[in-house]
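Shown next, in structure tokens, is the structure this report addresses.
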Amino acid sequence: MQLFKVFFKILNKNKGQLIMYTVIYLSLALLMSNVMKEQAEDEFTGVSLDIALENKDQGRLGAALEQYLGELHKLQELPEGKEALQDAIYYGEIDYVLVIPEDFSEKFAAGDREGLLEGTAVPGSSSSYLAEHDMESFLKTADLYVSAGFALEDAVDLTMEIFGFHSGMAMRPAGREAEQDGGFIMENTKEKSRVEFLNQEDGQPLSEGFYFFQFIPYVFVTMMILGVGVVIKTFQNKDLSARNKCSAVPYLQQSLQILLGCLVYMLGVYAVFMAMAGCNTGGYLFTPQGILSAINALLFAVCALCVSWFAVQFAPNTAVLNAMSNVIGLGFSFLGGVFVSLDVMGDAARKIARFVPSYWYVAANQDIQKVTGFSDAGTVYKSYLMIVMFSLAFFAAGLLANRMKLKSK
């Protein structure tokens, strides 16, 4: 087993890069599963803005508008000085700036509606549209009551009640008898509507196991090329290869020892990451979903091993092979949906992505989260089959390329 021992001696020289990629992957998996994990929401929640407001109006309408905006958004004091205000807007500390003028209530009661309020925000930002929409809704409701003959204070109190505020003041239509029936029937606009997801599965939170296994294609392809690929390339060195051919060990036995080394390395990498998965995801690996995820990762580890065998045939030296590891790893990851979700990819991109094995790995990883047992994992098994087919294709292509290289020598 001399070549088997030499295999791991060569591998030991590249342990620095392998450890580095292991740490990078573990950090990425922990970040995505513990910090950036998507959470499904049971109900719709509105967006709250940071609004710098200065109320110069002494009337009831200005105070009511301030109270209304304070319930929907976070009100702040207006920064002193033009530069301080500009810096606050530039750095995102303030989303919108509003100054209510001194004669705001008087002009509104007199029927003046144009240009009463002027806000400041980053041009074209959604914050300005949201803040102006909220103010417009409030003022239009108050305008309806004023136009119907209500006094301004009564109109403001009714408007506040419509939006869910209770002032406790007497409210009686101006110029009308208190006992007169009629008036406006409007719903309380502060009541929140119930929001239901059209696709209930999309609203379910994804498990930590999903995020941990999502990025395995990148690290497996990279580590297989850096580990197995570099060792095989070393054995393919012209002088070393000629020396091995002259040895007493048969060529078939040499190939089997190298193959055994590749398999042991692959299983070692796989075992390390399964141990990480067990520590990071708790009991996930002991569920049907966890077992399917582990099988998915094992099949892709075999595929990554075949990819490294294919890539080594086209690398003139180990330096080029190191560069190829990043190119192939990142290419498979971005195109196959590892780093960019398949859901946001266009139809053309998805059709192209089907020609890389990482696409089927990611598809299986997504489908695994939807199954409850092994019996309803039909789509997962189809993705498994595609990964196996890609493994055979890369292995056969590598054999063909190696055979052509031997004939050309």
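The values are calculated or read from the model by the stated rules, or taken from the named source; none is laboratory data. Source: prediction; values computed, not measured. Ideal geometry is used to build each Cβ from the backbone, glycine not excepted, and the neighbour counts take in all protein chains shown. Ligands, DNA and RNA are excluded from the accessible area calculation, which covers all protein heavy atoms including side chains. Shrake-Rupley method; radii C 1.70, N 1.55, O 1.52, S 1.80 Å.
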Filter result for the condition that a residue is outside any loop (DSSP other than H, G, I, E, B), at pLDDT 85 or above and either touching an Asp or Glu at 6+ places or on another chain (Cβ under 6 Å) or not polar (S, T, N, Q) (or both), over Gly282, Gly261: Gly261
So Leu292, is it modelled with pLDDT of 90 or more and open to solvent by less than 20 Å² (accessible area, probe 1.4 Å): yes
Residue satisfying condition, being open to solvent by 70 Å² or more (accessible area, probe 1.4 Å), part of a loop (DSSP other than H, G, I, E, B) and free of Cβ contacts under 8 Å to residues at least 12 places away in the same chain, within set Phe374, Phe355: Phe355
Test: residue in the stretch 298-318 that is more than 25 Å from the chain's Cα centre (by Cα), open to solvent by 10 Å² or more (accessible area, probe 1.4 Å) and without any contact (Cβ under 8 Å) to a residue 40 or more places away in the chain: yes
Single condition Ser341 does not satisfy, out of (1) closer than 20 Å to Tyr218 by Cα; (2) surrounded by 14 or more Cβ atoms within 10 Å (Cβ to Cβ): (2)
Residue count for the stretch 377-397, restricted to those that are more than 23 Å from Val312 (Cβ to Cβ) and part of a helix (DSSP H, G or I): 9
Selection status of Gly290, under 23 Å from Leu31 (Cα atoms) and either of a type in the set (Lys, Arg) or not in a helix (DSSP H, G or I) (or both): no
Any hit, the stretch 112-124, residues being in contact (Cβ under 8 Å) with a residue 12 or more places away in the chain, open to solvent by less than 40 Å² (accessible area, probe 1.4 Å) and not in a loop (DSSP other than H, G, I, E, B): yes
Qualifying residues in the stretch 96-111 (those that are touching a Gly at 6+ places or on another chain (Cβ under 7 Å) and assigned to a helix (DSSP H, G or I)) - the one most open to solvent (accessible area, probe 1.4 Å): Glu106
Search result, residues across the stretch 213-224 that are crowded, with 24+ Cβ neighbours inside 10 Å and over 10 Å from Asn365 (Cβ atoms): Tyr218, Phe220, Val221, Thr222, Met223, Met224
Residues located in the stretch 1-27, provided they are open to solvent by 50 Å² or more (accessible area, probe 1.4 Å) and of a type in the set (A, V, I, L, M, F, W, C): Met1, Val6, Phe8, Ile19, Met20, Val23, Ile24, Leu26
Set Tyr129, Tyr145: member being modelled with pLDDT of 70 or more and open to solvent by 90 Å² or more (accessible area, probe 1.4 Å): Tyr129
Single match in Gln67, Gln39, Gln86 (criterion: over 30 Å from Ala319 (Cβ atoms), part of a helix (DSSP H, G or I), modelled with pLDDT under 80 and open to solvent by 40 Å² or more (accessible area, probe 1.4 Å)): Gln86
Residues within the stretch 70-79 that are out of contact with any Leu (no Cβ under 6 Å at 6 or more places or on another chain) and at pLDDT 80 or above, tallied: 6
Given (1) touching a residue at least 24 places away in the same chain (Cβ under 8 Å); (2) among the charged types (D, E, K, R); (3) surrounded by 13 or more Cβ atoms within 10 Å (Cβ to Cβ), index of the condition Lys56 fails: (3)
Filter result for Glu208 (at pLDDT below 85, of a type in the set (Asp, Glu), closer than 30 Å to Leu31 by Cβ and surrounded by 15 or more Cβ atoms within 10 Å (Cβ to Cβ)): yes
Selection within the stretch 1-31 - of a type in the set (Phe, Trp, Tyr) and in a loop (DSSP other than H, G, I, E, B): none
